[in-house]
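First the structure, in the form of structure tokens, and then the observations on it.
The values are calculated or read from the model by the stated rules, or taken from the named source; none is laboratory data. Treat the numbers as computed from the prediction; the structure is a model and nothing was measured. We place every Cβ from the backbone using ideal geometry, glycine too, and count neighbours over all the protein chains shown.
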């Protein structure tokens, strides 16, 4: 019910009350206030009924669950167009390229093994391979099938040693201060053609910081590295490898090899007949062990034989009528010239001696100059 309806109903009721009062004349005056209050109550009841009917009508006609639309917003003034506020473009980050391909599998290094000559008697210094009591030369780039009893380099030369002191550790270089490589031309002249000191593993004859080491290609005209820089020729060589631990006694490994390359112009000279050669020397329990060879004859007594002597004795004094001293070998008639020679000891070595020598001797004990060589003493 609207306010207008209320205004029409209330005055009408009041007018009706007034007429009733006038018509009754002399009768008792009714309680006007009570009558008005009753009329107002009836009016409020009627308003309530009308409001309920209106609400029901609106509920029935309106869509269910629809929110009442808000009153429309008052119109606003359209702003004057201003200069465009253009945002500066941003740099699009370059996508990160992630390589998820698996890494290439490195090609394993081929390393063959060749035993050193003899037994140096020092069981503390050795490598991890159990063959030859751990005393071995490693040959990077070679297959084991290519290594025979006489290791021969044809296309390139490369070798190293793996060595550790078992008292310090079981890995390459443990307890080792340095390793010295010395290559001697084992052709009777005994010339040192190469020498290098390595102070850290891997110990490579020509250097290098990885197990593959640095090889030398045996091309025509190739030379030994500086500072030696001598011509490399096909020949027989002896590698003397001095191993010095941080504590304890040093030792020497000796390894004989050949160079026989078709790329080298000079061929190795063949040993002349009626000559002799010391290949290697090692010390065991105070006694020298000397590996030697004779060419074109067999040493025997009586007959053609050999004399061993320290280099403190001049070669011309190493046989009759010289003053010596020297050691005849074989030592007596009918004895074989067994290899190695073992008849000289550390106690017999003169203080000035640095090498042991060999010469071919005749039946009367005179010697033939230039028929042997000298090798450094361990």
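For the stretch 158-193, residues that are modelled with pLDDT of 95 or more and buried (at least 16 other Cβ atoms within 10 Å of the Cβ) total 19.
Here residue 227 clears all of (1) surrounded by 19 or more Cβ atoms within 10 Å (Cβ to Cβ); (2) over 20 Å from the mean Cα position of the chain (by Cα); (3) not in a strand (DSSP E or B) except the condition numbered (1). Within the group 369, 262, which residue is touching a helix residue (DSSP H, G or I) at 6+ places or on another chain (Cβ under 9 Å) and surrounded by fewer than 13 Cβ atoms within 10 Å (Cβ to Cβ)? When all the criteria are applied, what remains is 369. When residue 212 is tested against the conditions (1) farther than 30 Å from residue 171 by Cα; (2) outside the structural domain of residue 362 (by TED's automatic domain parsing); (3) in contact (Cβ under 8 Å) with a residue 24 or more places away in the chain, the lone failure is (1). Taken as a whole, the stretch 124-135 holds at least one residue that is assigned to a strand (DSSP E or B), modelled with pLDDT of 95 or more, surrounded by 14 or more Cβ atoms within 10 Å (Cβ to Cβ) and in contact with a helix residue (DSSP H, G or I) (Cβ under 9 Å, 6 or more places away or on another chain).
Tally the residues that are farther than 17 Å from residue 163 by Cβ and either part of a loop (DSSP other than H, G, I, E, B) or outside the structural domain of residue 192 (by TED's automatic domain parsing) (or both), restricting the search to the stretch 230-248. Working first, answer last.
Our first condition is that a residue be farther than 17 Å from residue 163 by Cβ; within the stretch 230-248, this holds for 230-238.
Restricting the remaining residues to those that are either part of a loop (DSSP other than H, G, I, E, B) or outside the structural domain of residue 192 (by TED's automatic domain parsing) (or both) gives 230, 232-234.
Going through the stretch 230-248 one residue at a time, the tally reaches 4.
Contact map, the stretch 217-239: residues that are in contact (Cβ under 8 Å) with a residue 40 or more places away in the chain paired with residues that are exposed (fewer than 12 other Cβ atoms within 10 Å of the Cβ) and part of a loop (DSSP other than H, G, I, E, B), Cβ distance under 6 Å, separation 6+ or inter-chain. Pairs shown: 220/265. Here the condition is being out of contact with any strand residue (DSSP E or B) (no Cβ under 8 Å at 6 or more places or on another chain) and either over 20 Å from residue 354 (Cβ atoms) or modelled with pLDDT of 95 or more (or both); of 304, 300, 327, it holds for 300 alone. Filtering the stretch 328-347 for residues that are assigned to a loop (DSSP other than H, G, I, E, B), in contact (Cβ under 8 Å) with a residue 60 or more places away in the chain and not assigned by TED's automatic domain parsing to the domain that holds residue 120 leaves a non-empty set.
Looking at residue 257, is it in a loop (DSSP other than H, G, I, E, B) and not assigned by TED's automatic domain parsing to the domain that holds residue 338?
On the way: in a loop (DSSP other than H, G, I, E, B): no; not assigned by TED's automatic domain parsing to the domain that holds residue 338: yes.
Judged against the criteria, residue 257 is not a match.
Return yes or no: is residue 355 closer than 20 Å to residue 252 by Cα, out of contact with any helix residue (DSSP H, G or I) (no Cβ under 7 Å at 6 or more places or on another chain), modelled with pLDDT of 95 or more and buried (at least 16 other Cβ atoms within 10 Å of the Cβ)? Explain how you work it out, then say what you get.
Working: closer than 20 Å to residue 252 by Cα: yes; out of contact with any helix residue (DSSP H, G or I) (no Cβ under 7 Å at 6 or more places or on another chain): yes; modelled with pLDDT of 95 or more: yes; buried (at least 16 other Cβ atoms within 10 Å of the Cβ): yes.
The answer is yes for residue 355.
Taking the stretch 355-376 as the range and being touching a strand residue (DSSP E or B) at 6+ places or on another chain (Cβ under 6 Å) and either assigned to a loop (DSSP other than H, G, I, E, B) or outside the structural domain of residue 295 (by TED's automatic domain parsing) (or both) as the test, the residues that pass are 368, 371, 372, 373.
Restricting attention to the stretch 175-185, does a residue exist that is over 25 Å from residue 375 (Cβ atoms) and under 29 Å from the mean Cα position of the chain (by Cα)? Don't jump to the end; show me each part of the working.
Start the filter on the stretch 175-185 by keeping residues that are over 25 Å from residue 375 (Cβ atoms), which leaves 175.
Applying the additional criterion that residues be under 29 Å from the mean Cα position of the chain (by Cα) yields 175.
Yes, because at least one residue in the stretch 175-185 is over 25 Å from residue 375 (Cβ atoms) and under 29 Å from the mean Cα position of the chain (by Cα).
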